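Enquirer: Sharing a structure with you now.
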Amino acid sequence: MPEGEVVGLVGESGCGKTTAARALTGVVPANARIAGGRVTFGGRDLLAFGAKDWDGVRWRQIAFIPQSAMNSLDPVYRVGTQIREVLRHRGGLGRGESDRRVDELFSMVGIAPERQQDYPHQFSGGMRQRAAIALALALNPRLVIADEPVTALDVIVQRQVLDTFRDLQVRLGLSAILVTHDISVVAYACDRVVVMYAGKVVEAGPVRAVLEAPSHPYTMGLYNAFPDLGRASGTLVPIEGNPPDLRDPPKGCRFAPRCPFAVAKCREAQPPTVTVAPGHTAACWRLDEAPQLRQLAREEQTWLRSSTSAA
Amino acid sequence: MAEAAVAVPAAAAGRRFRLPKIDPYAAIGLTIYVVFFLVALFADRIATHDPLEILFDDDGNLLSNVAPGAAHVLGTTNLGRDIFSQLVMGTRNALIVGVSAAIVVASLGTLVGLVAGFFGKWVDTLLMRVADVALGIPFLPFVIVLAAFMGAQTSNVVIAVALLLWPNTARVIRSQVLTVRERAFIEAARVTGSSTWRILFVHVMPNILPLTFLYGSIAVGWAILTEASVSFLGFGPSDSISWGYMLQDAYGSQAMSRGTYFWFVPPGICIILVVVAGFFISRGYEEILFPKLKD
Amino acid sequence: MASLLDVRGLTKHFPVSRTLREVARGERPVVRAVEDVTFAMDQGESVGILGESGCGKTTTGRLLLKLVEASEGTITLDGYDVRALKGPDLKRFRRHAQLVFQNPFDALNPRFTLRRSIAEPLLNAGVPKGEWDDRIAAVLKRVHLSGVSDLMEKFPHQLSGGQLQRVVLARALILEPTFIVADEPVSMLDVSVRAGILNVMREVRETMGLTAIYISHDLALVRYVAPRTIVMYLGKIVEDGPTDAVISRPLHPYARALVAAVPVPRVDQDRGALPITGMIPDARNPPSGCRFRDRCPYAVARCAEEVPALRELAPGHRAACHLL
């Protein structure tokens with residue numbers, strides 16, 4: 001992930017996108033274990049970090065906005081007080097300095113600085129989400145990871161929050177990861193996209209390339225299932241079936257049981273991740289035929305199976 | 001998904017109520033209850049003597065303060081009564097008081113809680129104010145006064161305990177009903193034309209029954225403790241043996257200073273065990289009802 | 001053709017808890033959740049009610065089904081005065097008017113098997129037990145669930161969201177209703193299964209000739225299922241017209257902002273500022289005159305003085321704005 005870009009992490013519920021984002025910030029539930037792999041940030045291996053190392057990096061370098069950020073503000077303290085506390089205890093700022101910084105953060109995310117005297121319940125959903133962003137940005141992180149930042153918001157507010165986010169990202173040169181299930185959020189706000197299915201990355205690349213010329217059948221299907229106001233009013237095509245049980249994932253490609261293009265090989269071995277174009281990778285056995293598959297994927301008939309399999 | 005997580009474990013048992021299997025405390029509590037229940041059921045056969053019979057030896061001497069031994073498992077009182085038999089018969093009385101009070105408390109509390117929570121408005125206000133009044137009455141003095149006025153019978157102790165304990169159950173059930181009432185499947189029942197009473201008893205009630213059982217099991221312990229207290233203070237039924245009566249008898253006969261521990265320690269342990277068992281079981285239910293409490 | 005549903009001046013005020021000062025002054029503050037809503041629907045028509053959270057769309061749906069009692073106005077469904085229904089008439093009404101819920105994970109009793117949940121309407125309607133199996137099999141076929149073996153003996157937590165929503169739909173359809181309200185029927189589901197549910201809903205509406213109202217915050221979804229759209233803002237209808245017209249030529253300034261804000265899954269799109277400012281005001285004290293005026297970039301003095309009427313500005317296309 002290059003510096004100064006916004007990467008979208010897309011997938012359905014339970015595909016592992018939230019877990020992946022949390023693993024990046026070292027916040028994992030007690031029953032989880034990072035089984036392997038490598039994460040480097042600014043040349044340092046994050047997975048080798050102990051609790052002490054994390055303290056130095058989390059928030060200062062990498063900030064995380066959790067899914068329920070809207071509800072993560074403490075109801076009994078004023079919003080401004082909560083941000084000031086982070087600045088003074090984590091950031092080591094003095095009283096006057098932190099007051100100035102809170103004003104700055106509030107105007108940065110588009111909330112009138114007078115409103116810092118308010119309690120969280122006096123804020124609307126959109127404002128609370130902005131306050132959560134302000135909180136995350138408090139210590140000038142280099143990377144912000146936001147888990148479903150606009151999911152619970154109405155479209156107008158959603159747009160406003162995304163605009164704020166984009167604007168800040170450009171102005172501050174932030175790198176950001178947006179975790180979402182909504183490909184229109186990705187299309188609107190991201191430079192690159194990573195598509196996950198059942199715990200694995202199936203496709204990754206520049207947003208334009210992935211959305212306009214998807215290489216993995218799951219990406220193709222996801223696009224078909226998504227309503228598009230600008231597209232002629234065709235039928236929406238569902239991907240039949242459900243994601244696999246991750247306690248017992250299929251042996252081959254994890255998407256094979258739902259994939260209309262699956263061949264015998266797909267059920268036997270996991271496809272390798274292949275670079276299809278500079279910066280664009282995908283994991284599918286039939287990547288060579290991607291242009292033809294893309295044609296087929298546009299046809300509704302391809303995705304329709306006997307509805308009895310809608311298990 | 002938090003709501004779903006709460007609903008799932010109970011639903012997994014279908015419409016029956018699976019008793020908590022996993023929680024070791026609950027298992028211990030249940031075992032204690034089962035043992036006492038069996039003892040109460042077969043008390044006639046287990047008891048070696050009539051608990052009130054004054055025993056004499058072959059020479060006609062009073063068998064007073066006999067130490068525990070083969071003939072008298074726990075020895076005898078200073079009036080020559082068999083302590084073990086008293087303990088066994090006392091178990092039966094204790095359980096009769098406990099279980100019948102628990103049944104009354106649980107059913108009264110559940111009914112009031114259901115009606116108050118479901119109908120709301122003035123019904124709720126009225127019932128909850130009545131509950132407040134009942135909660136404000138000092139427990140033991142009320143039971144003693146009631147026993148004094150209406151006669152020292154077991155049934156009166158049960159009534160007194162029931163009158164004082166139902167508000168706790170009713171309050172908790174009511175708050176649970178307030179939550180269940182807002183769930184979409186209750187509205188769904190309305191849209192599909194279910195009558196109000198059907199919604200209340202078929203859709204709402206099964207979802208709060210685990211709480212009823214929980215409060216019932218706590219009430220067993222409370223009722224037994226109350227009965228023992230009343231008997232110990234000398235206001236208990238004089239016609240039957242109970243653990244409290246045994247303690248009072250021992251106290252009155254200065255068993256402590258005489259060092260006849262086998263007289264008053266066993267009934268004390270029994271009371272502790274029953275009360276503790278009720279709380280252990282409630283702990284197990286807690287795991288089912290609020291699995292998030294323990295992460 | 002006579003309208004199947006005729007709604008006039010529908011209003012709902014929810015009382016809210018009072019502050020000490022309000023009690024002292026004898027004031028009774030209310031949330032004006034729905035205010036003077038008027039529209040009609042023909043038999044077999046399907047309409048989308050679109051709006052942001054708190055706009056009164058969900059309350060409107062509940063009012064139409066008599067799940068919430070209206071404060072003012074009339075609702076006539078198939079000749080019945082819905083507000084006056086009682087006893088056996090209400091019971092008959094419940095057979096004809098059904099609701100599809102937003103959250104399928106919560107809409108089924110967790111302690112009932114799916115068969116029991118689906119059969120619940122049959123039991124309440126007094127359908128003889130002998131007919132149940134056939135009726136259940138038929139309705140499962142309608143929602144494309146018939147192939148799944150022993151599904152009916154399962155409990156809700158054993159199913160996926162998509163399957164549950166089909167079961168919820170089956171329960172709503174088993175008495176063959178004529179009128180159905182779907183409240184955000186797919187918003188809790190994953191994208192890849194949403195389309196399946198919407199397709200089933202479209203299909204049953206056509207084959208059963210249902211009159212349907214889809215309540216949603218998602219214009220793309222409304223367009224997919226309803227040829228006509230009603231846009232609500234703060235309890236009032238601001239625009240009502242053919243969905244395609246609302247999308248391509250929205251009349252009301254709020255509708256314009258709403259349409260512009262709808263996210264689209266394409267890289268090339270307008271990222272300009274929205275023609276709207278601020279946020280939704282408190283429904284306890286809505287602005288005088290036009291409720292949208294304090295956020296409207298075009299507002300003039302008249303907007304504060306006079307409540308704009310819903311006027312027909314093009315055939316079948318109404319909007320409530322002074323400036324049009």
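Enquirer: How high is the relative contact order of the range C:250-324, in percent, counting Cα pairs under 8 Å that sit 6 or more residues apart? Please list the in-between numbers first.
Expert: On the way: 73 pairs, mean separation 20.5, N = 75.
Relative contact order of the range C:250-324: 27 percent.
Enquirer: Also: Okay, which of the range A:87-106 sit inside 17 Å, backbone N to the point 7 Å along the Cα-Cβ direction of A:GLN122?
Expert: A:103, A:106
Enquirer: What helices in chain B pass both tests, a Cα length along the helix axis of 24 Å or more and a mean Kyte hydropathy of -1.0 or higher, using whole DSSP H runs? Spell out each step's value before the answer.
Expert: Details: long enough: B:24-41 (25 Å, 2.15); B:83-119 (52 Å, 1.73); B:154-181 (38 Å, 0.88); B:209-232 (34 Å, 1.32); B:261-289 (41 Å, 1.46).
Helices meeting the criterion: B:24-41, B:83-119, B:154-181, B:209-232, B:261-289.
Enquirer: Using the Karplus equation 6.51 cos²θ - 1.76 cosθ + 1.60 (θ = phi - 60°), what ³J(HN,Hα) coupling, rounded to whole Hz, does each residue of the range A:169-175 give in order, writing x for Gly and Pro?
Expert: Listing the rounded values in order: 4, 5, 5, 9, x, 6, 9 Hz.
Enquirer: With a Förster radius of 22 Å, plug the Cβ-Cβ distance of C:ALA24 and C:SER71 into 1/(1 + (r/R0)^6) and report the FRET value to the nearest 0.05.
Expert: Values: r = 25 Å, r/R0 = 1.12.
Efficiency, rounded to the nearest 0.05: 0.35.
Enquirer: About the Cα centre of the range A:194-309, what is the dipole size in debye to 20, counting +1 per Lys and Arg Cβ and -1 per Asp and Glu Cβ, all else neutral?
Expert: On the way: 13 positive and 11 negative charges, 37 e Å.
The calculated dipole for the range A:194-309 is roughly 180 debye.
Enquirer: What FRET efficiency do you get for B:ILE269 and C:HIS157 if R0 is 45 Å and r is their Cβ-Cβ distance, rounded to the nearest 0.05?
Expert: On the way: r = 43 Å, r/R0 = 0.95.
Given R0 = 45 Å and the Cβ-Cβ separation, E is 0.55.
Enquirer: Starting from the Cα gyration tensor of the range C:250-324, take the square roots of the eigenvalues, sort them a ≥ b ≥ c, and report rounded, prolate or oblate (rounded when a/c is under 1.5, otherwise prolate if a/b is larger than b/c, else oblate).
Expert: Values: a/c = 2.35, a/b = 1.42, b/c = 1.66.
The shape class here is oblate.
Enquirer: Let me know the longest stretch in chain C that avoids all trypsin sites (Lys or Arg not before Pro) found in a DSSP loop with at most 15 other C-beta atoms within 10 Å.
Expert: Numbers: sites that count: C:ARG18, C:ARG25, C:LYS86, C:LYS154, C:ARG271, C:ARG284.
So the longest stretch without any such site is C:155-270.
Enquirer: Averaged over peptide C:48-58, how many Cβ atoms belonging to another chain are found within 10 Å of each residue's Cβ? Working shown, then result.
Expert: Values: counts 0, 0, 1, 1, 6, 6, 3, 1, 0, 0, 0.
Counting Cβ atoms of other protein chains within 10 Å of each residue's Cβ and averaging gives 2.
Enquirer: Just tell me the longest site-free run in chain B, where the sites are GluC sites (Glu not before Pro) in a DSSP loop having at most 13 other beta-carbon atoms within 10 Å.
Expert: Working: sites that count: B:GLU53, B:GLU182.
Looking at chain B, B:54-181 is the longest stretch - no exposed GluC sites (Glu not before Pro) with at most 13 other Cβ atoms within 10 Å.
Enquirer: Each label point is 7 Å from the Cα along the Cα-to-Cβ direction; what then is the distance between the points at A:GLN270 and B:TYR251, in nm?
Expert: About 7.2 nm separates the two model spin labels.
Enquirer: Which whole-number percentage describes the relative contact order of chain B, with Cα contacts under 8 Å and a sequence gap of 6 or more? Present the calculation step by step, with values, prior to reporting the outcome.
Expert: Values: 427 pairs, mean separation 74.9, N = 295.
About 25 percent, as a whole number.
Enquirer: Any idea how far apart C:ARG8 and B:ASP58 come out in nm if each label point goes 7 Å out from Cα toward Cβ?
Expert: Between C:ARG8 and B:ASP58, the label points sit 10.7 nm apart.
Enquirer: Right, something else. Take every Cα pair under 8 Å in chain C that's 6+ residues apart, average their separations, divide by the length, and report that relative contact order as a whole percent. Display every interim value, and only then the final one.
Expert: Details: 569 pairs, mean separation 64.5, N = 324.
It comes to 20 percent, rounded to a whole number.
Enquirer: Who wins for biggest fluctuation among C:VAL34, C:VAL148, C:VAL238 in a Gaussian network model of chain C, springs between alpha carbons below 10 Å?
Expert: Highest fluctuation of the listed residues: C:VAL148.
Enquirer: Work out the mean other chain Cβ neighbour count within 10 Å for the residues of A:119-126 and drop it here as an integer. Walk me through the intermediate numbers first.
Expert: On the way: counts 0, 0, 0, 0, 1, 4, 3, 2.
Average neighbour count from other chains, rounded to a whole number: 1.
Enquirer: Follow-up question, since we're still on this one. For the range C:59-142, run through the GluC sites (Glu not before Pro) and keep only the ones in DSSP coil with at most 16 other Cβ atoms within 10 Å of their Cβ. All intermediate terms of the calculation are to be shown ahead of the outcome.
Expert: Values: sites: C:GLU69, C:GLU72, C:GLU131; in loops: C:GLU69.
Those satisfying the criteria are C:GLU69.
Enquirer: To the nearest 500 deg cm²/dmol, what mean residue ellipticity at 222 nm is calculated for chain C from DSSP H runs of n ≥ 4 alone, each contributing -39,500 (n - 2.57), summed and divided by the residues? It would help to have the intermediate numbers written out before the result.
Expert: On the way: 11 runs with 107 residues, N = 324.
One gets -9500 deg cm²/dmol as the mean residue ellipticity at 222 nm.
Enquirer: On to the next question. Across peptide A:176-186, what mean number of C-beta atoms from other chains lies inside 10 Å of a residue's C-beta? Numbers along the way, then the final one.
Expert: On the way: counts 0, 0, 0, 0, 0, 3, 3, 5, 7, 2, 3.
Averaged over the peptide's residues, the number is 2.
Enquirer: Same structure again: Just the number: Rg to Rh for the range A:194-309, Cα atoms, Kirkwood Rh, two decimals.
Expert: Details: Rg = 13.8 Å, Rh = 14.6 Å.
Using only Cα positions, Rg/Rh for the range A:194-309 is 0.94.
Enquirer: On to the next question. Which residues make up the longest stretch of chain B clear of trypsin sites (Lys or Arg not before Pro) that lie in a DSSP loop with no more than 12 other Cβ atoms within 10 Å, not counting the sites? List each step's numbers first, then the result.
Expert: Working: sites that count: B:ARG16, B:ARG18, B:LYS21, B:LYS294.
Longest site-free region, per DSSP loop and neighbour criteria: B:22-293.
Enquirer: By how many nm would the segment from C:ALA125 to C:VAL267 lengthen if fully extended, with 0.36 nm per residue of separation less the alpha-carbon distance?
Expert: Working: separation 142, 0.36 × 142 = 51.12 nm, distance 5.22 nm.
Length gained, C:ALA125 through C:VAL267: 45.9 nm.
Enquirer: Right, another one. Which one of A:ALA213, A:SER72, C:LEU210 has its Cα pushed farthest toward the positive end of the charge dipole of the protein assembly as shown, where Lys and Arg give +1 and Asp and Glu give -1 at the Cβ?
Expert: A:ALA213
Enquirer: Relative to the present Cα-Cα distance, how much length would full extension add between B:VAL34 and B:LEU126 at 0.36 nm per residue of separation?
Expert: Values: separation 92, 0.36 × 92 = 33.12 nm, distance 3.90 nm.
Answer, rounded to one decimal: 29.2 nm.
Read-outs throughout are calculated quantities, based only on the coordinates presented, and are distinct from any laboratory measurement. Here the structure is a predicted model, which is why all the values come from computation and not from measurement. Using ideal geometry, Cβ is built from the backbone for each residue, glycine included, and neighbour counts are taken over all protein chains shown.
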